[in-house]
Amino acid sequence: PLRILDSKEASTQAVLADAPKLADFLGTESVAHFEQVQAYLTALGIDFEINPHLVRGLDYYNKTVFEWVTDKLGSQATVCAGGRYDGLVGQLKSIGTNDDKSDKKPVKSEPAIGFAMGLERLLLLMEAVAPIADKPACDVFVVAHPDVYSAGISYAQNLRYSRPDVRVKMASATSLKAQMKKADKSGAALTVIIAQQELDDNTISIKDMQTGEQQTVTQDWLSSKDNFSRK
């Protein structure tokens with residue numbers, strides 16, 4: 001029956017305008033609890049409005065139910081909704097604790113709260129309120145000659161471990177020319193080139209993808225943030 005309060009029918013809304021309010025029939029304990037909830041919200045600086053028609057569709061809710069709403073998404077205003085369901089968790093906790101039905105103790109409520117949140121709406125809200133700057137999908141692209149491709153894989157993986165702040169990508173074990181084309185399209189700031197000569201010298205060749213300049217450095221050169229940091 002509480003779902004009537006949530007009806008969008010105009011005729012039902014007209015009836016509800018003069019209908020009794022749930023808040024007018026709360027017991028002393030419930031009133032004290034609800035006032036304490038409001039006091040906590042006020043202390044935390046969280047704005048709220050009391051909606052006498054707010055209900056949840058599942059009947060295991062008790063005490064306070066809530067919705068987080070926004071004015072940034074048009075008609076899709078509700079981002080998160082939930083409430084307390086102490087009795088439900090008490091029932092779940094009691095399952096299997098006593099096989100003798102004749103000696104089973106009454107189920108005790110356990111303080112509990114839950115909510116459902118729409119991820120798509122949350123992402124849309126984040127985009128509207130605090131857009132996240134685009135970041136490149138790749139910072140360092142590792143190119144390895146097919147003959148030493150395994151060494152390239154090993155280098156890329158070690159770089160990921162030593163520099164978790166850097167996005168590292170590789171192409172498949174095709175020709176160096178084909179891999180360099182992939183590097184050009186990746187948006188990487190640097191391309192690491194590994195061939196037999198680099199392996200023999202324990203070095204890597206690094207190409208700046210903006211200037212085209214190339215240099216030979218030690219294999220651990222990128223491990224230092226002083227040498228390269230993601231912008």
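Readers should treat all values here as calculations from the given coordinates under stated rules, not as data from a laboratory. These numbers were taken from a predicted model, which means no experiment stands behind them. Glycine gets a Cβ as well: all are built from the backbone with ideal geometry, and neighbour counts include every protein chain shown.
Among 139, 208, 47, the ranking by other beta carbons within 10 Å of each residue's beta carbon, starting with the fewest, stands as 47, 208, 139. Mean-square fluctuations from a GNM of the chain, with a 10 angstrom spring cutoff on Cα atoms, peak among 189, 144, 14 at 14. The spread of Cα positions in the chain, taken along each principal axis and listed from longest to shortest, comes to 83, 52, 34 Å. Label sites at residue 210 and residue 107, each approximated as a point 7 angstrom past Cα along Cα to Cβ, lie 6.2 nm apart. The alpha-carbon positions of segment 97-223 define a convex hull whose volume is 244 Å³ per residue. Among 125, 73, 26, the largest mean-square fluctuation in a Gaussian network model of the chain (Cα springs under 10 Å) belongs to 26.
As a proxy for reagent exposure, 228, 25, 115 were ordered by neighbouring Cβ count within 10 angstrom, fewest first; the result is 25, 115, 228. With a Förster radius of 25 Å applied to the C-beta separation of residue 10 and residue 47, the computed FRET efficiency comes to 0.30. Given the pairs 185/225; 181/207; 169/207; 135/185; 63/108; 63/93, which span a C-alpha to C-alpha distance of over 21 angstrom in this model? Pairs exceeding the cut-off: 185/225. Projecting label points 7 angstrom from Cα along Cα→Cβ for residue 150 and residue 64 puts them 6.2 nm apart. By the count of other C-beta atoms within 10 Å, a proxy for reagent exposure, 84, 3, 163 are ordered fewest to most as 3, 163, 84. For segment 153-231, the normalised intensity computed at q = 0.23 Å⁻¹ comes to -1.34 (log10 of I(q)/I(0), Debye sum over alpha carbons, equal scatterers, no solvent). With each label modelled as a point 7 angstrom along the Cα→C-beta vector, the residue 201-residue 75 pair spans 6.6 nm. Taken over the Cα atoms of segment 8-86, the convex hull encloses 128 Å³ per residue.
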